[in-house]
């Protein structure tokens, strides 16, 4: 086995990251990918016209020929200058504000009189430029045009993905915002619940988005040590255990809120407990099949989407775990970049983890091409992560 240090360029989604690799106890040093602006002196961009706009004639209705955004950085020529919206998301319109800045707005949230950018071309012809390679060094070229095993499956090696993730999380804990999108599978396993508690306790969670089920079964685990009546460690089914989650919902509703329920019943463990204790914001959105639901669950789909969007706008790393619909929804809201308060363009990292290959590939099919996908069950994923971080 070689025992040496070498420098290499590796790819993270659509980004190149310089890292040092040490064989025998591999060590990866994280560096935030550099952003490369388009060359605005090229003829096609230098001579491009200003982007056109038209006022929305009614609330929630875009003008004909409106421009719809992607997940990538998109520049718009306004008054002879190329401008980049600071916050973006795919499938939305771009509004030219009165102060000359650009705002990305879902069509349903447009207001009458909003100045909506028009144009369906993206190479400068209409003052719009789509920049898909902003985090790739333009001086580098792909040498191999054919490689085996480009897809992601249970057979894929994820060793380096995990090492990159560990270093990314350490960086983001101090410099970014880490958003977790969680399915109820966490609440069905004692170790996974404890691991997520450790993530919150150690500063690796800045927000959680989930449904009614994750919160309900996590609280059931705290009160009864079960999930759907089955012990979360021994897997033994309790008599009348199918009442447990319903009893929890009923008691939380009686208390009026999750935080009050924790006080009323002296709950001192679990994911929701840790979030409340450390004042970590969470958004719980409902579905047509929900029991209850818990008081904090947002039942209106569009109100829930807006609440999720506010959390995504703050995020610099998003990790989606074992929840197909929440993952796809979040992927559609998550751009490949964000602009920091200092004016620096930096990537937004998106991870999706699921035991089903279909789910992780579904996100890629929806156009969220910068996602890093890992095919595994989330209990194993979170245990590897907390141990890799050295916090459990």
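The values are calculated or read from the model by the stated rules, or taken from the named source; none is laboratory data. In this text, all values refer to a predicted model and were calculated from it rather than measured experimentally. When we count neighbours, we look across all protein chains shown, and the Cβ atoms used for this are built from the backbone with ideal geometry, even at glycine.
The set of residues from the stretch 300-320 being more than 23 Å from residue 185 (Cβ to Cβ) and part of a loop (DSSP other than H, G, I, E, B) comprises 300, 316. Only residues that are free of Cβ contacts under 8 Å to residues at least 40 places away in the same chain and assigned to a strand (DSSP E or B) were counted in the stretch 92-101, giving 3.
Whether a residue is crowded, with 19+ Cβ neighbours inside 10 Å, closer than 28 Å to residue 305 by Cα and at pLDDT below 95 was assessed, and residue 72 passes this test.
Let's see how each residue does on (1) in a loop (DSSP other than H, G, I, E, B); (2) touching a helix residue (DSSP H, G or I) at 6+ places or on another chain (Cβ under 8 Å); (3) modelled with pLDDT of 95 or more; (4) not assigned by TED's automatic domain parsing to the domain that holds residue 230:
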| residue | (1), (2), (3), (4) |
| --- | --- |
| 144 | yes, no, no, yes |
| 149 | yes, no, no, yes |
| 171 | no, no, yes, no |
| 187 | no, yes, no, no |
| 191 | no, yes, yes, no |
| 199 | no, yes, yes, no |
| 204 | yes, yes, yes, no |
| 210 | no, yes, yes, no |
| 216 | no, yes, yes, no |
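Taken as a whole, the condition of being modelled with pLDDT of 95 or more, surrounded by fewer than 20 Cβ atoms within 10 Å (Cβ to Cβ), farther than 21 Å from residue 86 by Cβ and touching a strand residue (DSSP E or B) at 6+ places or on another chain (Cβ under 9 Å) does not apply to residue 391.
Taking the numbered list (1) touching a residue at least 24 places away in the same chain (Cβ under 8 Å); (2) exposed (fewer than 15 other Cβ atoms within 10 Å of the Cβ) in turn, residue 38 passes all entries but (2). Test of understanding: among 330, 376, 317, which residue is over 20 Å from residue 282 (Cβ atoms) and at pLDDT 90 or above? After applying the criteria, what remains is 376. Among the residues of the stretch 250-289, those that are assigned to a loop (DSSP other than H, G, I, E, B), within 24 Å of residue 325 (Cα to Cα) and under 21 Å from the mean Cα position of the chain (by Cα) comprise 280, 281, 286, 287. In summary, residue 327 fulfils each of the numbered conditions (1) more than 13 Å from the chain's Cα centre (by Cα); (2) under 30 Å from residue 260 (Cα atoms) with the single exception of condition (1).
Within the stretch 257-291, the only residue that satisfies the criterion of being surrounded by 18 or more Cβ atoms within 10 Å (Cβ to Cβ) and at positive phi is 270. Give me the residue from the stretch 112-130 that is closer than 22 Å to residue 56 by Cα, in contact (Cβ under 8 Å) with a residue 60 or more places away in the chain and surrounded by fewer than 22 Cβ atoms within 10 Å (Cβ to Cβ) and, out of that set, farthest from the chain's Cα centre (by Cα). Looking at the filtered set, the residue picked out is 126. Annotation for the stretch 300-314: no member residue is surrounded by fewer than 17 Cβ atoms within 10 Å (Cβ to Cβ), in contact (Cβ under 8 Å) with a residue 60 or more places away in the chain and over 19 Å from residue 92 (Cβ atoms).
Each row is one residue, and each column tells you yes or no for (1) in a loop (DSSP other than H, G, I, E, B); (2) farther than 24 Å from residue 33 by Cα.
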residue: 90; (1), (2): yes, no
residue: 103; (1), (2): no, yes
residue: 112; (1), (2): yes, yes
residue: 116; (1), (2): no, yes
residue: 126; (1), (2): yes, yes
residue: 133; (1), (2): yes, no
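Within the stretch 335-358, the residues that satisfy the criterion of being closer than 22 Å to residue 385 by Cβ and either surrounded by 21 or more Cβ atoms within 10 Å (Cβ to Cβ) or under 11 Å from the mean Cα position of the chain (by Cα) (or both) are 347, 348, 349, 350, 351, 352, 353, 354.
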